[in-house]
Amino acid sequence: MLLSFLLILHLQLLLVASSSSSEEDKSSERDRQHSKGSSHQHHWGYQDQDAWLSAFEYCGGKSQSPINIDTHKVLHEPRLPPIQLDGYDLTGSHSLTLLNNGHTLQLSLPSSMRIRRGFDHVYVAAQLHFHWGTTEVPGSEHTIDNIHYPAEIHVVHYNSKYANLTEAASKADGLAVLGGFIAIGLHENDNYEKILSALSDVSTEESLTVIPGFNVRHLLPNSLERFYRYSGSLTTPPCLQTVSWTLFNDSIRVSRRQLAALEESLKTEHNKLLSKNFRAPQLLHGRKIQSSFHTSDSGKTRGATPTETQDKNIKESSGHILAVTFGVLFAATFLIFSIYTYRQHKKYSKFKKDSKQDVIYKPAPIGKDTDQTTVTVS
Ligand SMILES: *[C@@H]1O[C@H](CO)[C@@H](O)[C@H](O)[C@H]1NC(C)=O
Ligand SMILES: *[C@@H]1O[C@H](CO)[C@@H](O)[C@H](O)[C@H]1NC(C)=O
Ligand SMILES: [Zn+2]
């Protein structure tokens with residue numbers, strides 16, 4: 001009874017979804033017709049990133065982002081000034097707009113939030129957003145020694161000498177983005193929950209909601225002291241090469257459930273899942289990456305504080321090593337087993353020859369392999 005009701009409800013939802021998506025088809029068709037020849041702002045996607053090159057001239061430039069950070073090639077620059085943030089501690093009296101724009105989950109930020117020190121100018125916050133993968137595929141944009149983190153946060157700022165983000169975006173010293181790597185930890189991250197708890201309100205493309213302000217500083221890693229710095233671009237079209245990137249070495253932890261919520265809640269065009277919204281790493285073309293800290297002091301082993309996900313990635317990248325190891329182990333086991341059965345066989349026939357008794361079955365010593373069956377009552 002209940003089951004058939006649910007089934008009917010489900011079918012109806014499917015019908016509604018398909019009819020509304022065909023409406024979207026029509027309107028996006030119109031958009032495309034409309035924007036033909038002029039700007040192609042509307043229809044770029046992560047599936048075909050090579051197509052960005054023909055539609056947006058800067059995407060093929062020599063200072064593109066994201067990049068891989070080879071920690072052994074980073075230049076330690078002790079004079080890099082530390083980042084000092086201002087006005088990040090918003091309160092509930094601020095209202096922040098959370099938007100699913102079809103490419104990412106974006107939170108608008110008030111201009112009272114700033115990077116006070118760290119650059120030659122003050123930079124004003126405009127928005128923050130995320131990049132992620134799926135539960136199977138880690139989706140940070142930047143990689144560390146070719147390893148992706150599960151997700152990445154970008155806090156976008158513009159130079160205060162320009163009127164707004166749009167104007168600054170085309171200027172050489174226009175933008176400063178703070179980036180943080182998001183890893184999986186054992187605990188819920190209460191600060192991220194301020195955003196993630198509103199995901200169901202922005203599940204469809206171009207939907208938005210308003211959430212109360214909170215301390216945005218807490219979305220960034222605990223330590224802002226250790227960071228990488230390089231010159232790059234927007235990681236989405238039009239790929240303007242006007243971003244001074246700051247990527248923190250300390251990562252952020254959210255729970256597996258929270259990450260899954262980000263990966264599985266949002267829809268993009270045609271009602272498809274919004275996931276894997278990360279651009280592939282771009283060539284350095286001779287650019288230098290600076291760091292505010294020592295990266296490869298020889299004594300330290302890589303991944304001294306590995307997260308579960310780093311583990312996962314290391315496992316993935318060395319899958320062939322594992323395969324070989326298991327192959328060898330299997331062969332060894334097989335060999336040992338063969339020798340064992342051969343010996344048993346010999347012993348058995350010898351036994352049979354010596355005494356003409358029946359074979360005695362010898363049970364395994366109790367308590368060795370039978371822990372589970374010999375649980376004592378206390
Ligand atoms: C940004 O500033 C420019 C120059 O002052 C102005 O023309 C433009 O309308 C502004 N755009 C927005 C979105 O405020
Ligand atoms: C942080 O720095 C250490 C030391 O160089 C490195 O092993 C680790 O991968 C770095 N992590 C990130 C996210 O940069
Ligand atoms: Zn971004």
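Rule-based calculations on the coordinates, nothing more; no lab input. All of these numbers come straight from a predicted model, not from anything done at the bench. Every residue, glycine as well, gets a Cβ built from its backbone with ideal geometry; the counts of neighbours run over all protein chains shown.
A few notes on this one:
- FRET efficiency for Ala163 and Leu186, using Cβ-Cβ distance with R0 set to 41 Å, rounded to 0.05: 0.35
- Sorted by Cβ density within 10 Å, fewest first, the residues Glu263, Glu141, Glu193: Glu193, Glu263, Glu141
- Selection from Tyr149, Leu178, Thr166 lying farthest towards where the dipole of region 56-199 points positive, charges on Cβ: Thr166
- Long pairs among Lys161/Lys194; Lys171/Lys288; Lys161/Lys288, criterion Cα-Cα beyond 29 Å: Lys161/Lys194
- Measuring r between the beta carbons of Asp250 and Lys73 and using R0 = 22 Å, the FRET efficiency lands at 0.60.
- Residue-count net charge about Ala168 - beta-carbon cut-off 15 Å; Lys, Arg +1, Asp, Glu -1: 0
- Each Lys or Arg adds one and each Asp or Glu takes one away; over the other residues whose Cβ falls under 15 Å from the Cβ of Ala126, this sums to +1.
- Packing around the peptides 106-118, 51-63, taken as the average count of other Cβ atoms within 10 Å per residue, puts them in this order, highest first: 106-118, 51-63.
- P(r) histogram, all alpha-carbon pairs of region 136-261 included - 10 Å bins from 0, percent: 12, 35, 39, 14, 0
- Protection proxy ranking, highest mean first, for peptides 201-212, 250-261, 225-236: 225-236, 250-261, 201-212, where packing is the per-residue count of other beta-carbon atoms within 10 Å, averaged.
- Anisotropy class of region 46-301 from Cα gyration tensor, a/c 1.5 cut: rounded
- Gyration tensor verdict on region 40-100 (Cα atoms; rounded if a/c is under 1.5, prolate if a/b is larger than b/c, oblate otherwise): oblate
- With R₀ set to 45 Å, the beta-carbon distance separating His270 from Ser111 gives a calculated FRET efficiency near 0.80.
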